[in-house]
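Only the coordinates and a few stated rules stand behind these numbers; no lab work does. All values reported here derive from a predicted model rather than from experimental measurement.
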Amino acid sequence: MCLAALALLSGCTPGDRHLTRHEFSHLAMGVRVNAVVYASDERRARESVAAAFAEISRLDELLSDYRPQSQLSLVNARAGQGFGLGITEIDPAFAVVLRESLIVAERTEGAFDPSVGPIVQLWRSARKQQRLPDPGAVATAAACVGWRDIILGGAPERLTLSLRKPGMKLDPGAFVKGYAARRAVEILRDRGLDHALISIAGDISCSLPPPGQRGWRVAASHGGGSADRSFSLLLSDQSVSTAGDTEQFIEIDGERYSHIVDPRTGLGLTNRAAATVVSRNATIADALDTALCVAGLDRFEAIMAKFPGCEARLEALDARGAMMCKETPGFRLLVEPDRLP
Ligand code: ADP
Ligand code: MG
């Protein structure tokens, strides 16, 4: 999905006049990470951003499902092994991001489910082979999914995690990038850089706007960049996440399946959904856009009522196959007036 921070000219307030714009990029989590910061000098900007990027890489090492040695892979490998063997001591960041993810799982009744790994793996190989997964394999994978069987425990100085069912697998794909972007912004803030923006693919977190500006202008697109489905948001101290099937999907027998799956059916979405969520909490934004795609237009209002303070826009096919759009009332206030979708 497409989110991009647009270049801005800064009209500075007197106190911030000494701040200049600096941009950096970094590879992590299989994508390009971009940082824009305003700092008094280039060295300060570079050192602070290096610390922020180091934290993103650390989270990648901890929470990647592609790295067999990550804590997340270790937890997955021990799924269903019961008390003792099945329990893994985890980093506090792992506990925080999972706890926040579980809030979204609960409030969306599992439309977003961080334990969707077995189904996602099937669809990843389906995409490679250009063939739909076997229905029996889909049913077996779906039976291994269930956020209620994720057990977070232990004491603050020794946090633990276990997965109750054999074959369960956490999938960080829909929650880790948001959390990592927010952590990076927090690190910059701790170092005194209050005007910063971090983007990790479709997840963006920002602190205060560029000096003299009302917000960070972030371009979002729900339709592969077509003008009628692109818009710009003006954000300050917020996170935004976009999800959908624009970039990652498979097409088999004329049907387009998203890389986002419905945890209950085990199938890739075919409703062409794309969602954008703005929230103060980046993990919630990241997980919730995925959930909205799964839940579809009918459940949009009911779900968003459970997330006060979050704004969202969802486009998807309705029951008759027409592309429709729903937004929370506050979403429109974030869209740049000259760029209403
Ligand atoms: P995008 O990759 O388009 O930014 P997401 O943030 O929704 O979109 O992340 C999609 C990834 O999330 C998938 O590649 C997969 O790893 C994982 N995923 C797919 N479906 C679900 C789901 N229903 N709940 C949780 N994670 C999911
Ligand atoms: Mg997401």
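Here the relative contact order of region 63-173, from alpha carbon pairs under 8 Å that lie six or more residues apart, stands at 38 percent. Computed 3J(HN,Hα) for region 260-275, one whole-Hz value per residue from the Karplus formula 6.51 cos²θ - 1.76 cosθ + 1.60 where θ = phi - 60°, is 8, 10, 8, x, 7, 9, x, 9, x, 5, 10, 8, 6, 6, 9, 9, glycine and proline marked x. A P(r) calculated from all alpha carbon pairs of region 11-81, with 5 Å bins opening at zero, reads 3, 15, 18, 15, 12, 11, 8, 7, 5, 3, 2, 1, 0 percent.
Take every Cα pair under 8 Å whose residues are at least 6 apart in sequence, average their separation, divide by the length of the chain, and the relative contact order is 19 percent. For Lys169, the amide hydrogen comes within under 5 Å of the amide hydrogens of Gly117, counting only partners 5 or more places away or on other chains and with H modelled in the peptide plane.
Taking the helices alone, the chain has a mean residue ellipticity at 222 nm of -9500 deg cm²/dmol, built from -39,500 (n - 2.57) per DSSP H run of at least 4 residues and averaged over all its residues.
Under the membrane-span-like helix rule (DSSP H runs whose alpha carbons stretch at least 15 Å along the helix axis, mean Kyte-Doolittle hydropathy 0.0 or higher), the chain yields 92-107, 282-295. The Rg/Rh ratio of region 194-341, with Rg taken over Cα atoms and Rh as the Kirkwood radius over Cα pairs, comes to 0.97. The calculated pair-distance distribution of region 149-244 uses every alpha carbon pair, bins of 10 angstrom beginning at 0, and gives 14, 31, 29, 18, 8, 0 percent.
Across every pair of non-identical alpha carbons in region 260-341, the mean reciprocal distance, once inverted, gives a Kirkwood radius of 13.2 Å. Checking the cross-link pairs Lys128/Lys326; Lys169/Lys326; Lys128/Lys177; Lys128/Lys306 against a 30 Å limit on the alpha carbon distance flags Lys128/Lys326; Lys169/Lys326; Lys128/Lys306 as lying beyond it. Evaluated on the chain, the Kirkwood hydrodynamic radius is 20.6 Å, with distances taken between all distinct Cα atoms. Computed across region 63-173, the Kirkwood radius stands at 14.4 Å (inverse of mean 1/r, all Cα pairs).
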